[in-house]
Amino acid sequence: MRADDTVYIKRVLRLARRAEGMTSPNPMVGALLVKDGDVLAEDFHRRAGTPHAEALVLRKAGKRAEGATLYVNLEPCCHTEKRTPPCTEAIIRAGVKRVVASMIDPNPKVSGRGIEMLRNAGIEVDVGICEAEARRLNEAYEKYITTGLPFVTLKVAMSLDGKVALPTGESKWITSEKSRRMVQRMRAAHDCILTGIGTVRADDPSLTVRLRAGRSPTRVVVDPHLDIDPGAKILMTPPDTILVTEVTGGEKMEKLLNRGIEIMTYKDGLDFQWLMRRLGEKGFVSVMVEAGSTLPSYMLRAGVVDKVVFFVAPKILGGRDSFPAIGGPSCGRLKEAYQLKDLKVKRVGEDLMIEGYLR
């Protein structure tokens with residue numbers, strides 16, 4: 001490791017994050033070419049099917065890349081089963097002298113092979129600088145590429161006493177405008193949003209992204225009895241909505257199918273492990289859960305939630321009849337409570353944002 005390696009890698013990580021929500025199912029990757037202390041080129045991978053970050057900076061630098069150091073947050077790819085050529089070959093051809101990567105690519109088709117190819121070509125390779133930050137950046141990609149399952153984030157907006165709605169169902173707005181803008185950015189970073197029919201019936205949300213540069217994810221609604229109003233906003237506004245139901249036929253289902261609405265059916269109660277497998281098979285790398293009290297409780301019990309993000313407003317709603325953040329049955333004993341690790345707490349406007357990972 002050299003003196004400036006960390007500085008350059010942190011710059012690469014910031015570059016990579018500029019494509020948050022746009023590269024799925026690919027990882028977010030940034031790259032930087034440095035020679036004699038001068039930055040020759042910098043860039044990032046923008047979306048699947050377009051040139052990788054390494055290829056972009058090599059193209060920008062041209063012949064100046066010979067003898068340079070390439071900084072990248074993920075091991076350069078070496079396999080050919082994709083729409084773009086292997087980056088390792090381009091790096092070798094360009095005469096790059098050294099490669100610094102934050103982490104090994106967890107993709108079994110790469111996973112150390114890219115680094116081996118570079119070293120066999122006489123290129124010096126260092127791995128592991130800012131590895132924890134790099135893994136956090138591409139945590140959804142890492143889970144998906146190794147298990148085929150999406151990375152699941154549960155978002156909750158609640159009062160200081162853990163309530164998400166009054167007994168009447170009123171919940172707009174518990175948290176601040178700044179928190180709601182943060183949620184918009186979270187939506188844009190995910191492939192799909194999962195909610196329940198209770199939320200759809202109570203709030204009639206569209207669950208779209210209202211940011212100028214943000215893309216709206218696919219919506220998935222758990223609706224056991226197919227109770228959804230055919231005129232619900234979530235069915236009337238792009239992008240696609242998928243309904244998950246126990247109903248297997250009938251006039252309402254036929255009409256919804258004729259409108260092009262996708263429906264997944266299940267038997268004998270919803271198995272959330274099954275649902276995550278199905279979403280993974282559809283290519284969804286990340287899922288954000290935005291729902292009331294009940295759906296999150298089932299998902300936590302099923303063990304499919306990876307991460308939680310709680311927005312806590314400085315308000316006290318009180319009342320036994322107000323809706324709790326997590327419904328369903330209580331833990332039998334304290335040692336059965338869901339434990340979190342790697343907690344982060346920060347201010348968002350007047351609210352607190354608490355982020356953590358399920359153990």
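Taking semi-axes √(5λ) of the Cα gyration tensor in Å as calculated from this structure, the corresponding entry among (1) 42, 23, 18; (2) 32, 27, 18; (3) 32, 24, 23 is (1). Residue-wise HN-Hα couplings along the range 331-348, as the Karplus relation 6.51 cos²θ - 1.76 cosθ + 1.60 with θ = phi - 60° gives them from phi, are 5, x, 9, 4, 5, 8, 5, 6, 9, 10, 9, 6, 6, 10, 10, 8, 7, 10 Hz; Gly and Pro carry x. With 0.36 nm allotted per residue and the present C-alpha distance subtracted, the R359-R212 stretch has 49.3 nm of extension available.
Only sites in a loop by DSSP and with at most 14 other Cβ atoms within 10 Å count here; which trypsin sites (Lys or Arg not before Pro) in the range 112-191 make the cut? Sparse-neighbourhood loop trypsin sites (Lys or Arg not before Pro): K172.
Descending by average beta-carbon neighbour count within 10 Å, the peptides 333-341, 299-307 line up as 299-307, 333-341, the highest first. Computed over neighbours whose Cβ is under 13 Å from that of V222, the net charge equals -2, Lys and Arg +1, Asp and Glu -1. In the chain, Cα pairs under 8 Å separated by at least six residues give a relative contact order of 16 percent. By a 1.4 Å probe calculation restricted to protein chains, T237 has an accessible surface near 50 Å², given to the nearest 10.
The mean accessible area for residues of the range 120-204, using a 1.4 Å probe and ignoring ligands and nucleic acids, is 44 Å² per residue.
To put it simply, the accessible area of the chain at a 1.4 Å probe is 50 percent carbon and sulfur. Under the combined filter of DSSP loop state and at most 16 neighbouring Cβ atoms within 10 Å, the range 1-74 retains these GluC sites (Glu not before Pro): E20, E66.
Looking at the range 237-359, the pairs of alpha carbons with a distance over 24 Å make up 45% of the total.
The values are calculated or read from the model by the stated rules, or taken from the named source; none is laboratory data. Just so it is clear, the model here is predicted, and its values are computed rather than measured. Backbone-built Cβ (ideal geometry, glycine too); neighbour counts: all protein chains shown. The protein model used for the area step is the full one, side chains on, heavy atoms only, and it has no ligands, DNA or RNA in it. Shrake-Rupley method; radii C 1.70, N 1.55, O 1.52, S 1.80 Å.
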